[in-house]
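Below is one structure; the comments refer to it alone.
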Amino acid sequence: MSRFCVWFFLPLLWLTGAAQANVVVVLNSRDATVSLIDQDSYKEISTLAVGKEPHHLMATPDNKALIVASAVGNELIFLDPKTGQIQRRIKDIIDPYQIGFSPDQKWFVSNALRMDRVDIYGYDGQNLKLSKRIPLAKMPSHMAFSADSKMVFITQQGSDQISAIDLVTQSLKWTLPVGKLPAGILMTADDKYLLVGIMGSDYVEVIDWRAQKTVGKIKAGEGAHNFLPMGDKRHVFVSNRVSNTINIIDQQTLTNIATINVPGGPDCMELTADGKTLWATLRWIKKVAVIDVASRKVIKLIPVGRSPHGVYFNNHAPRS
């Protein structure tokens, strides 16, 4: 083979290998980029330019696309969930800070944090159609759904509240005061309680959403922020930005059972399907941490862009 042929085929071989690798998608909020990382080698494959302030992401219900929400860019960017390559864009989705699909896949909800409202879209499996805009007090942040898809619960960082929106009537049902700067919110696997990360303090607030009242507090770390289920329907991670820790919470006993030290402001997380390796974005130091769950140790720090936020890979643990 000639020297020309060798140099011609090398890039093709690299691209083939990249396409077959397990790709980790990391959103660099302040750089308006996405970092694509080879999950096995921990090496960055490439960086993609996307809209301004990409904060959160999630797969479509059929897992054929990964949606990146560009909050300031006012658009949704659809990526191939296995390779990270851009498939298409939907523009004029105003301020999609956090996004979510109802369990029955009928509704797509977008929290417009800067606009102080929640936008509800009908979803037909491909397209989005705006159905209702519901104003809230201040800075709607994260969301969780009831198992029957009738309710979506929204934290409001700017007014220290959570609100319940009835998806059937598409109206605000109730609002409840909680701790300072509520951020992440998770429905427990039994659909009984809401867990709310109180970012302005050091605990997770436990809410009986049917009774509309707080029933407990779980001690966590300072800056309790976001959640990720471990896939066993019992345990869940909570990241603590200020104390630089990640806790493991037992959803049945509502207790904190373990602490992992993760310097750098841990935020969003993703867990491998075997439950052995946790990835966490580190908002303050432009890195992603790879954590061995069994030993509860950081085993790798991977450089990425500024203010990394959302993280995803296709071979993740179940979301419960």
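Structure notes:
- In a residue-by-residue description of segment 29-49, the property of being part of a strand (DSSP E or B) and under 23 Å from Asn127 (Cα atoms) applies to no position.
- Consider segment 201-213 and keep the residues that are surrounded by fewer than 17 Cβ atoms within 10 Å (Cβ to Cβ) and not charged (D, E, K, R). The one that is nearest to the chain's Cα centre (by Cα) is Gln212.
- Filter result (farther than 12 Å from Ile248 by Cα and of a type in the set (A, V, I, L, M, F, W, C)) within segment 201-223: Val206, Ile207, Trp209, Ala211, Val215
- Out of Phe108, Phe153, sole residue that is in contact with a Phe, Trp or Tyr (Cβ under 8 Å, 6 or more places away or on another chain) and closer than 27 Å to Lys52 by Cβ: Phe108
- Whichever residue in segment 85-131 is buried (at least 20 other Cβ atoms within 10 Å of the Cβ) and part of a loop (DSSP other than H, G, I, E, B) and, among such residues, is farthest from the chain's Cα centre (by Cα): Ile93
- Test result for Ala147, loosely packed, with under 15 Cβ neighbours inside 10 Å, in contact (Cβ under 8 Å) with a residue 12 or more places away in the chain, among the hydrophobic types (A, V, I, L, M, F, W, C) and assigned to a loop (DSSP other than H, G, I, E, B): yes
- Subset of segment 230-248 [closer than 23 Å to Asn315 by Cα and surrounded by 16 or more Cβ atoms within 10 Å (Cβ to Cβ)]: Met230, Gly231, Arg234, His235, Val236, Phe237, Val238, Ser239, Ile246, Asn247, Ile248
- Flag: Asp292 matches the condition of being free of Cβ contacts under 8 Å to residues at least 40 places away in the same chain, of a type in the set (Asp, Glu) and more than 21 Å from Lys219 (Cα to Cα).
- Looking across segment 186-235, just one residue is among the small types (Gly, Ala, Ser) and under 17 Å from Trp174 (Cβ atoms), and that is Ala211.
- Note on segment 306-320: residues that are under 10 Å from Ile285 (Cα atoms) and surrounded by 18 or more Cβ atoms within 10 Å (Cβ to Cβ) amount to 2.
- Qualifying residue in segment 216-228 (condition: out of contact with any strand residue (DSSP E or B) (no Cβ under 7 Å at 6 or more places or on another chain) and either of a type in the set (D, E, K, R) or part of a loop (DSSP other than H, G, I, E, B) (or both)): no
Values in this text are rule-based calculations from the coordinates and carry no lab data. For clarity, every value in this text was computed on a predicted model and none was experimentally measured. Note: ideal-geometry Cβ built from the backbone for every residue, glycine included; neighbour counts use all protein chains shown.
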